Amino acid sequence: MKSTVHAFALHTLRYGDSSLIVSCFTKQYGLQSYMLRGILGGKRKKKVSKSLFEPLNLVAFEASKTGANKLGYLNEAHILQPYTAIPFDLKKKAVIFFLAEVIYQIVQEEQEANPDLFSFLEKRMRWLDQVENIGLFHIKFLLDLTRYMGFYPNLSENKAPYFDLQEGCMSHHKPKHPFIEGPTKDLWVLLLGTDFDKLQSIRLSHKGKMTLLECILNYFKLHLQQFKIPKSSAVLNEVFKTP
């Protein structure tokens, strides 16, 4: 039985000459994939546009849950929460493409609905669209994302000199596993304890952002078996070189 589904678009794959397979993180069912037949071909008027499924667009459509490795079919869809700034801001678009790659990987490991994660994405995408200076948004976003994936950092000993990336906790002894220390560790702790609305107060050089982002992505690799560094991370770092 079909119902109204709310979904974040994550990934698209061309199928044949004129069709598209879109993968979405849905509020009701988790990760689902749908076939959009004939969306790329012909000049006839279509009820569904490819542009609706740009990365992390929030869309709504009628669909039922599909089984593993099966495709649903969409004939209609519409934007549920239109962005007003993201489509016209190079940095925000780079962040969106990067985050969509990350989220697409992590929800594949779940394959189930995660309403708390979906609510988190709704709030953060709305915030990103509205804020003028995104600053450390993508880094803070990734750190907070771990809360919904089961490996949120344990900072109960936040004065310790090391953070053990493999164990996910602070350490008073130099770990044998990958770890962070010094200013990078201090920023890690600071960002985890900072609200999004106060991110603007934290200043960090481009090199510092790259170092911290690399640490976070390695943290994801250590805790998610199939996780790979997103290809778009290189583009993201280039975009953030500009003032």
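For the residues 25, 8, 53, 61, the requirement of being farther than 25 Å from residue 224 by Cβ and either of a type outside the set (D, E, K, R) or out of contact with any Pro (no Cβ under 9 Å at 6 or more places or on another chain) (or both) singles out 61. Please verify whether residue 9 is touching a strand residue (DSSP E or B) at 6+ places or on another chain (Cβ under 7 Å), in the same structural domain as residue 131 (by TED's automatic domain parsing) and crowded, with 20+ Cβ neighbours inside 10 Å, treating the condition exactly as stated. Considered against the rule, which asks whether it is touching a strand residue (DSSP E or B) at 6+ places or on another chain (Cβ under 7 Å), in the same structural domain as residue 131 (by TED's automatic domain parsing) and crowded, with 20+ Cβ neighbours inside 10 Å, residue 9 comes out as no.
Residue pairs whose Cβ atoms lie under 7 Å apart, sitting 6 or more positions apart in sequence or on different chains, and linking a residue in the range 129-151 that is more than 13 Å from residue 197 (Cα to Cα) to a partner that is charged (D, E, K, R) and assigned to a helix (DSSP H, G or I), are 139/209; 148/116. Report the residue count in the range 36-61 for those that are modelled with pLDDT of 90 or more and on the phi < 0 side of the Ramachandran plot. Result for the range 36-61: 9. Here residue 141 passes the criteria (1) surrounded by 19 or more Cβ atoms within 10 Å (Cβ to Cβ); (2) within 23 Å of residue 61 (Cβ to Cβ) except the one numbered (2). Looking at the range 1-109, the strands (runs of 3 or more DSSP E) lying wholly inside it that each contain 1 or more residues that are without any contact (Cβ under 8 Å) to a residue 12 or more places away in the chain sit at 3-15. For the range 86-113, the tally of residues that are loosely packed, with under 14 Cβ neighbours inside 10 Å and not charged (D, E, K, R) stands at 3. I'm trying to understand the selection: among the residues of the range 123-132, which are farther than 25 Å from residue 229 by Cβ and surrounded by 16 or more Cβ atoms within 10 Å (Cβ to Cβ)? Scanning the range 123-132 gives 129, 131.
The values are calculated or read from the model by the stated rules, or taken from the named source; none is laboratory data. If you're wondering where the values come from, they're calculated on a predicted model, not measured in any experiment. Virtual Cβ from ideal backbone geometry, glycine too; neighbours counted across all protein chains shown.
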